[in-house]
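Quick notes on the structure that follows.
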Amino acid sequence: MHVTKDRGFIHRVPSEITPRAAYESRRDWLRHAALAAAGSGLAAWAGRDALAQTPAPAGAALPGAHSSVAGAVTMEKITARKDATTYNNFYEFGTDKSDPAGAAHTLKTRPWSVAIEGEVKKPRSFDIDELIKLAPIEERIYRLRCVEGWSMVIPWQGWSLSNLIKAVEPTGNAKYLQFVTLADRAQMPGLRSGVLDWPYVEGLRLDEAMHPLALLAFGMYGEVLPKQNGAPVRMVLPWKYGFKSAKSIVKIRFIAQQPKTSWETAAANEYGFYSNVNPLVDHPRWSQATERRIGEDGLFAKRRATLMFNGYEPQVGQLYAGMDLKKFY
Ligand SMILES: Nc1nc2c(c(=O)[nH]1)N[C@H]1C(S)=C(S)[C@@H](COP(=O)(O)O)O[C@H]1N2
Ligand SMILES: [Mo]
């Protein structure tokens with residue numbers, strides 16, 4: 001990645017917030033999913049209390065959207081959908097930012113299943129259409145900070161991964177989760193390149209995975225996830241660099257030992273297991289103190305200060321209490 005073929009920022013039209021009417025009509029599939037789940041759409045609100053302390057991460061000004069992140073304090077503009085769906089990292093479809101949008105149409109998202117394996121009392125495989133109904137769909141508007149130094153603000157639809165974790169009942173030996181994503185040469189032209197070890201694998205500590213902000217996402221901008229954004233199911237971990245959020249997941253393994261990740265295998269000194277957003281710990285080849293917000297790329301646009309844990313320190317800081325964040329990067 002991270003050789004930064006980061007062009008295309010010269011003459012961008014200012015992004016627009018999706019007009020509310022268009023946005024809301026696209027939410028229909030979610031209403032269906034939410035209604036099917038847990039018997040009632042109201043259940044979508046049930047999770048709110050758990051997160052009521054969470055100041056809105058970003059841009060939560062979208063009227064009518066339900067989100068368990070209550071109390072909007074920041075008013076950051078949502079990134080234009082066009083930018084979020086055409087400027088992507090998904091190396092299975094190529095390493096240029098525009099490659100996934102052009103190539104991901106070959107990804108087959110049905111049938112699709114997600115296998116849960118390892119240290120759980122109830123290992124099983126979920127059909128994707130079953131999985132989506134496991135919990136009520138919520139909207140979360142999160143900042144996304146890529147390790148390369150750019151960022152976006154994206155409305156996701158999904159539910160906290162903790163719902164799934166509870167359903168499969170981890171054993172006492174489960175300390176970490178490993179996310180395994182699809183690696184099929186027939187569908188993914190990027191696999192011909194040796195840029196990463198395939199399949200793309202990622203990992204979390206169990207307590208990180210249980211954090212309510214850790215989202216298993218099925219949609220964005222009120223629609224089913226576009227293929228280039230990791231359809232049909234991906235993680236979204238807003239306090240970590242973007243590469244921790246694995247796309248197109250086919251397996252989640254519960255394990256005792258910290259798993260190797262694809263990016264650690266590629267360059268352990270550059271991409272650590274934790275990879276929490278941290279403006280004080282620079283990448284060996286560039287500073288992480290600031291970021292370029294996609295959509296603010298005009299000639300006179302200023303870079304923004306990068307926030308500790310991407311601004312989610314009040315929520316997630318406790319997970320890392322007492323850890324040396326320079327050592328556990
Ligand atoms: N399977 C897979 N997941 C992936 C990647 C990838 O190459 N393959 N790239 C990661 C990186 S570097 C980022 S920044 C985010 C980008 O997500 P987006 O394109 O939806 O913004 O996806 C992450 N998940
Ligand atoms: Mo990234």
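Values quoted throughout were computed directly from the atomic coordinates according to the rules given, and no laboratory measurement underlies them. Since the structure is predicted, the reported quantities are computational estimates derived from the model, not experimental observations. Quick reminder, even Gly has a Cβ in these numbers, built from the backbone with ideal geometry, and neighbours come from all protein chains shown.
In order along region 124-132, phi translates into HN-Hα couplings of 6, 10, 9, 5, 4, 6, 6, 4, 4 Hz, rounded to whole numbers, per the Karplus curve 6.51 cos²θ - 1.76 cosθ + 1.60 with θ = phi - 60° and x for Gly and Pro.
Expressed in nm to one decimal, what extension gain is obtained for the pair K108 and N173 from 0.36 nm per residue of sequence separation less their Cα-Cα distance?
Working: separation 65, 0.36 × 65 = 23.40 nm, distance 3.46 nm.
Gain in length upon complete extension: 19.9 nm.
Shown here are the Rg and Dmax of the Cα trace of region 223-313, at 15.4, 50 Å. Extent along the principal axes, Cα only, for region 265-329: 41, 31, 16 Å, with the longest axis given first.
Contact order, relative form, for region 165-312: 24 percent (alpha carbon pairs under 8 Å, 6 or more residues apart, mean separation divided by residue count).
Label sites at D207 and K166, each approximated as a point 7 angstrom past Cα along Cα to Cβ, lie 1.9 nm apart.
For K77, the lysines whose Cα comes closer than 22 Å to its Cα, not counting residues fewer than 8 places off in the same chain, are K97, K240, K302.
Between the amide H of W150 and those of R292, distances stay under 5 Å, these residues lying 5 or more places away or on another chain, with hydrogens modeled in the peptide plane.
Beyond a 19 Å Cα-Cα separation, which of these cross-linked pairs lie in this structure: K108/K244; K166/K244; K175/K326; K175/K244? Don't jump to the answer; show the numbers that get you there.
Numbers: K108/K244 23 Å; K166/K244 21 Å; K175/K326 22 Å; K175/K244 17 Å.
In this structure, K108/K244; K166/K244; K175/K326 exceed 19 Å between Cα atoms.
Could you calculate the contour length gain from M308 to N269, that is, 0.36 nm times the residue separation minus the distance between their Cα atoms, to one decimal place in nm? Provide the component values of the computation, followed by the final result.
Numbers: separation 39, 0.36 × 39 = 14.04 nm, distance 2.01 nm.
Answer, rounded to one decimal: 12.0 nm.
In a fully extended conformation the segment linking Q258 and S125 would gain 45.6 nm over its present Cα-Cα distance, using 0.36 nm per residue.
Placing dummy labels 7 Å off each Cα toward the beta-carbon, the span from K326 to T86 is 4.3 nm. Ordering of 178-186, 118-126 by packing is 178-186, 118-126, highest average first (other Cβ atoms within 10 Å, averaged per residue).
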